[in-house]
Amino acid sequence: LQITREEFGSRLDFVIDDASHMYEFSKATFEILFPLVKPGGIYIVEDWAWNHWSGYQAPDHGWGDKVSPSELAFELAEATGSLRAGIEHVEVYPGFLAIERSNTKLDGSFSLDAAITRRASPVYDWFKR
């Protein structure tokens, strides 16, 4: 966060997350950087769907025990519907997610989980492990 602010100022136009390809790290990076994206700016999550691609589904694949960012894609959709996450809309492509920032004010301790609202229902039991 400090490096981002020092190198790019307090607001970003465009972010591409093409780093770990793991749910936990992709979500943490999103929660840190997305509040810095200007309204109308775009945040990209690369390779969100790798666990849906046949090459990664072999039982002996090195990422077999990892959680992919496809979980993040579901959460971003929920956050968009909850109207509190600063997300104007999410576009889903086979190789990346594109999230447009709305003009909703976000504080410095942004949490995607806190931005999502759900009714209490056993329907969501599968979602939280």
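For segment 32-77, how many residues are open to solvent by less than 40 Å² (accessible area, probe 1.4 Å) and in a helix (DSSP H, G or I)?
11
Just one of the numbered conditions (1) assigned to a strand (DSSP E or B); (2) surrounded by fewer than 18 Cβ atoms within 10 Å (Cβ to Cβ) is not true of Ala19; which one?
Checking Ala19 against (1) assigned to a strand (DSSP E or B); (2) surrounded by fewer than 18 Cβ atoms within 10 Å (Cβ to Cβ), the one that fails is (1).
Give the residue that is surrounded by the fewest Cβ atoms within 10 Å (Cβ to Cβ), with candidates limited to residues of segment 78-95 that are hydroxyl-bearing (Ser, Thr, Tyr) and not in a loop (DSSP other than H, G, I, E, B). Walk me through it before giving the result.
Kept after step one, since they are hydroxyl-bearing (Ser, Thr, Tyr), are these residues of segment 78-95: 80, 82, 93.
Filter once more, keeping what is not in a loop (DSSP other than H, G, I, E, B): 80, 82.
On the way: Thr80: 20, Ser82: 15.
Per the stated criteria, the residue is Ser82.
Picking from Asp47, Asp65, which residue would you name as being under 13 Å from the mean Cα position of the chain (by Cα), among the acidic types (Asp, Glu), farther than 28 Å from Ser10 by Cβ and modelled with pLDDT under 95?
Asp47
Criterion first (open to solvent by 20 Å² or more (accessible area, probe 1.4 Å), aliphatic (A, V, I, L, M) and within 10 Å of the chain's Cα centre (by Cα)) does Ala98 satisfy it?
Judged against the criteria, Ala98 is not a match.
When segment 33-69 is examined, which residues are found to be more than 15 Å from Ile16 (Cα to Cα), hydroxyl-bearing (Ser, Thr, Tyr) and touching a helix residue (DSSP H, G or I) at 6+ places or on another chain (Cβ under 6 Å)?
Tyr56, Ser68
Given (1) of a type in the set (S, T, N, Q); (2) open to solvent by 70 Å² or more (accessible area, probe 1.4 Å); (3) over 17 Å from Ser109 (Cα atoms), where does Ser10 come up short, assuming only one miss?
(3)
Taking interchain pairs and intrachain pairs at least six residues apart, which have beta carbon atoms under 7 angstrom, with the first residue in segment 1-16 and basic (Lys, Arg) and the second surrounded by 10 or more Cβ atoms within 10 Å (Cβ to Cβ) and not in a helix (DSSP H, G or I)?
Within 7 Å, the pairs are Arg11/Lys38.
Could you check, for segment 70-84, whether at least one of its residues is at pLDDT below 90 and basic (Lys, Arg)?
The initial filter retains those residues of segment 70-84 that are at pLDDT below 90, namely 83-84.
Add one more test, that the residue is basic (Lys, Arg), and what stays is 84.
Within segment 70-84 (the criterion being at pLDDT below 90 and basic (Lys, Arg)), the answer is yes, since at least one residue qualifies.
Please enumerate the residues belonging to segment 102-118 that are free of Cβ contacts under 8 Å to residues at least 40 places away in the same chain and closer than 22 Å to Gln2 by Cβ.
Residues satisfying the conditions are Lys105, Ser109.
The values are calculated or read from the model by the stated rules, or taken from the named source; none is laboratory data. Nothing here was measured: the structure is a model prediction, and the numbers come from that model. Please note: Cβ atoms are built from the backbone with ideal geometry, for glycine as well, and neighbour counts cover all protein chains shown. Ligands, DNA and RNA are stripped out before the accessible areas are found, and what is left, the full protein with its side chains, is counted by its heavy atoms. Shrake-Rupley method; radii C 1.70, N 1.55, O 1.52, S 1.80 Å.
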